[in-house]
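What follows is a short report on a single structure.
The values are calculated or read from the model by the stated rules, or taken from the named source; none is laboratory data. Fair warning: this is a prediction, and the values are worked out from it, not measured in the lab. Cβ placement follows ideal geometry from the backbone for every residue including glycine, while neighbour counts extend to all protein chains displayed. Surface areas here come from the heavy atoms of the whole protein model, side chains and all, with no ligands, DNA or RNA. Shrake-Rupley method; radii C 1.70, N 1.55, O 1.52, S 1.80 Å.
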Amino acid sequence: MATGGTYLSHSGASNYNSLQFGAERRFLNGLAFTANMTYSKCLGTTREQLDAGVGGYRAPYVPGLGIAIDYAPCAIDVRRIIHTTGTYELPFGHGKHMLNHGVSAFIAGGWSTNWIFTAQDGQPQTVSCFVKAPPGLG
């Protein structure tokens, strides 16, 4: 009886579905916002060989089941992601409200401040089940 073997397969199936939404709004005086959201789900029978946290297939040697029994969330499945960004042009320089002429307009003009915010779910945790190969299959 073989124990401690590794099952490698070059086949598998996965699917990814998502709903994506984005919006952008520009206001007067150089203020702008952008936001987008993704709600998704990834399912599959594939396992990342380099990811020690996922482990191996549960029952690759069981006749009639194989790796199909391992259809579960992908190791990279992140359900909800929200990104927001914004920019604000500072009111200094030519054509602005403050410091709008002379050397001060040249030095202080053209500056803006920007920000980015991202929030997302974590990746799924998979509990592995290591099954010994039946006699003659290992």
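Any residue at all in segment 52-60 that's modelled with pLDDT of 70 or more and in contact with a Gly (Cβ under 7 Å, 6 or more places away or on another chain)? Checked segment 52-60: no residue is modelled with pLDDT of 70 or more and in contact with a Gly (Cβ under 7 Å, 6 or more places away or on another chain).
Of the residues that make up segment 86-108, is at least one within 30 Å of Tyr16 (Cα to Cα) and not aliphatic (A, V, I, L, M)?
yes
From the list Ser40, Ser18, pick out the single residue that is at pLDDT 80 or above, of a type in the set (Ser, Thr, Tyr) and either open to solvent by 50 Å² or more (accessible area, probe 1.4 Å) or out of contact with any Leu (no Cβ under 9 Å at 6 or more places or on another chain) (or both).
Ser18
Among residues of segment 73-101 being small (Gly, Ala, Ser) and open to solvent by less than 50 Å² (accessible area, probe 1.4 Å), the one that is nearest to the chain's Cα centre (by Cα) is Ala75.
In segment 17-36, the residues that are in a helix (DSSP H, G or I) reach residues that are open to solvent by less than 50 Å² (accessible area, probe 1.4 Å) and not aliphatic (A, V, I, L, M) with C-beta atoms within less than 8 angstrom, at least six apart or across chains, in these pairs: Asn29/Pro91; Gly30/Thr87; Gly30/Pro91.
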